[in-house]
Amino acid sequence: MRVRLLTCLTAVAVVAGLAGCGGSSSGGGIASEPPQKILNDSLTAANGLKSVHAAGTINSGGQHITIDIQLVGGVGGQGQITLGGLSFKLVGLRNYAYMQAPPAVWQKAGAPASAAQALQGKWLRTPATGQFASIAKLTDIHQLFAQLLNEHGKKLATGAVSTVAGRKVVAVTGGQGTLYVAATGTPYPVEIVKPGTDGGRIDFDRFNEAVALSAPTNTIDLPQVSG
């Protein structure tokens, strides 16, 4: 079960490849800055966040993936991932990742029916390193933004100033995607868009809102699960 579960769940980590396109805040004049500096300023701003909400959809290998995660800097994150129409809850807290899903998800991942039923209402706990590091990164604010904003392409260009979710933004386009950065105030990343069949979009909001995270109870460690 362990290997097949890994194969299924690590598909959600394609969020790290969504950005085709990370210093100090430049305020309202950021739209006139070189594109690389805008990226650098955006990464610095993201790393300084106390919390942020990330939500969107990604297409990878014919699969439609939806994420909805609240991240807390230096602590972890919590939210929900939907993959192929099946959803599971995810909590990352310091050294562990926790996953909770209905039996149908575990069976889809390769677990026997008896093992899937045994996980009903329980949280599967696994170390946030090693084989499951790619999943844990989804709940680490610094690792997530480091991948999204540092994996930029060549020939960056500054695009037009527009509005995303009521916020004035400047576009930075690269070889594979576009990053929209707040054009006034702190240059937070507001949206990342990648076109094409393996593209998608992730939006960021709720900057620095108070979020309480705690470790789930009723957990089962992954090595204890068998079929």
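Per the conditions (1) touching a helix residue (DSSP H, G or I) at 6+ places or on another chain (Cβ under 8 Å); (2) surrounded by fewer than 22 Cβ atoms within 10 Å (Cβ to Cβ), the sole criterion not satisfied by R206 is (1). For segment 32-64, enumerate the residues that are within 18 Å of V193 (Cβ to Cβ) and in contact with a Ser or Thr (Cβ under 7 Å, 6 or more places away or on another chain). Those that are within 18 Å of V193 (Cβ to Cβ) and in contact with a Ser or Thr (Cβ under 7 Å, 6 or more places away or on another chain): P35, I38, T57, N59, H64. Annotation: A101 fulfils all but one of (1) buried (at least 17 other Cβ atoms within 10 Å of the Cβ); (2) over 29 Å from F207 (Cβ atoms); (3) modelled with pLDDT under 90; the unmet one is (3).
Within segment 86-114, being assigned to a strand (DSSP E or B) and among the β-branched types (V, I, T) holds for one residue alone: V91. Of the listed requirements (1) over 15 Å from I65 (Cβ atoms); (2) out of contact with any Cys (no Cβ under 9 Å at 6 or more places or on another chain); (3) modelled with pLDDT under 85; (4) surrounded by fewer than 18 Cβ atoms within 10 Å (Cβ to Cβ), G85 misses just one: (1).
When segment 33-52 is limited to residues that are over 15 Å from T173 (Cβ atoms) and among the hydroxyl-bearing types (S, T, Y), the one that is farthest from the chain's Cα centre (by Cα) turns out to be T44. Against the conditions (1) of a type in the set (G, A, S); (2) in contact with a strand residue (DSSP E or B) (Cβ under 7 Å, 6 or more places away or on another chain); (3) modelled with pLDDT under 90, S42 satisfies every one except (3).
Confirm whether G77 is touching a Ser or Thr at 6+ places or on another chain (Cβ under 8 Å), small (G, A, S) and crowded, with 20+ Cβ neighbours inside 10 Å.
Yes; evaluated as a whole, the condition is true for this residue.
The values are calculated or read from the model by the stated rules, or taken from the named source; none is laboratory data. Quantities reported herein were computed from a predicted structural model and do not represent experimental measurements. Cβ atoms come from the backbone with ideal geometry, glycine included; neighbour counts cover every protein chain shown.
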